[in-house]
Amino acid sequence: MSGRIHSLESFGTVDGPGTRFVVFVQGCPMRCAYCHNPDTWDMTGGKIMEASEIIEQYERNKAFYKSGGITVTGGEPLMQVDFLIELFTLAKEKDIHTCIDSSGIAFNRNNAAFMEKLEHLMTLTNLVMLDIKHIDPEKHLELTSQPNAGILDFAKYLDEKGVDMWIRHVVVPGITDQDEYLYKLGYFIGQFHNLKALDVLPYHTMGIVKYEKLGIEYKLKGVPDMDKEKVIEKKKVILDGIKQRRKELDNF
């Protein structure tokens, strides 16, 4: 089984636990205003690679991945679910820790064929890093050009299946940094028993040069990098929402 691959990274340190072999797949329906990989959007781009080729490349440096594994990111990995199933099947045969970094946009309980494949994939997946761009439906649509209902439902699905989940959220000045929405995000994810970590990431402008090269308008032009010190404060707001939800559930 082959997949469309944008690029490979041999020593990823921010893509799940430990040092990881990172596979960037090609293709994504999201159009996040702050996306720093717009070159992965095209569904027909990238290099065609076999799942076995990727495992072979992992094996060359496997000594470095003892506490890590393979992470598939993108683009949107779940747009190539058949490829992921084969890749992770081969990985499990070699006892490799598997992680998917996903926006969740492909999730749809009404698509029976997709859900059957996803059920299989989840039995091969150790961790899902889920990027929640914005908790508010309207603001999410403005920010990404896509609704968030399916994304939030994907988080619920992962909890139902008992698949470990890390939540990622990028804090953008004036766009995703309002305490009201950060607290709501925390309150939402506070219900999940499978929540293992929360990564709150500062927005940066390093991807602008890619937009210029591709001739794509950068929608957040003029928005400054997020102050890393303020990100610590904003994470506390999300944690407050988590604590409140868990307190209510404990008292239920």
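The values are calculated or read from the model by the stated rules, or taken from the named source; none is laboratory data. Here the structure is a predicted model, which means the values were calculated and not measured. Don't worry about glycine lacking a Cβ; one is built from the backbone with ideal geometry, like all the others, and counts go over all protein chains shown.
A few comments on the model shown:
- Checking each residue in the stretch 197-252 for being part of a loop (DSSP other than H, G, I, E, B), charged (D, E, K, R) and within 11 Å of residue 171 (Cα to Cα) picks out 225, 227.
- Residue 92 vs. criteria in contact with a Leu (Cβ under 8 Å, 6 or more places away or on another chain), surrounded by fewer than 20 Cβ atoms within 10 Å (Cβ to Cβ) and of a type in the set (Lys, Arg): yes
- Some residue of the stretch 20-43 being among the polar types (S, T, N, Q), more than 23 Å from residue 204 (Cα to Cα) and in a loop (DSSP other than H, G, I, E, B): no
- Residues that are of a type outside the set (S, T, N, Q), surrounded by fewer than 22 Cβ atoms within 10 Å (Cβ to Cβ) and touching a residue at least 40 places away in the same chain (Cβ under 8 Å), drawn from the stretch 56-84: 64, 65, 66, 79, 81, 82
- The set of residues in the stretch 7-49 being in contact with a Gly (Cβ under 8 Å, 6 or more places away or on another chain), surrounded by fewer than 21 Cβ atoms within 10 Å (Cβ to Cβ) and charged (D, E, K, R) consists of 39, 42.
- Hey, residue 197 exposed (fewer than 14 other Cβ atoms within 10 Å of the Cβ), among the hydrophobic types (A, V, I, L, M, F, W, C), modelled with pLDDT of 95 or more and closer than 29 Å to residue 109 by Cβ or not: yes
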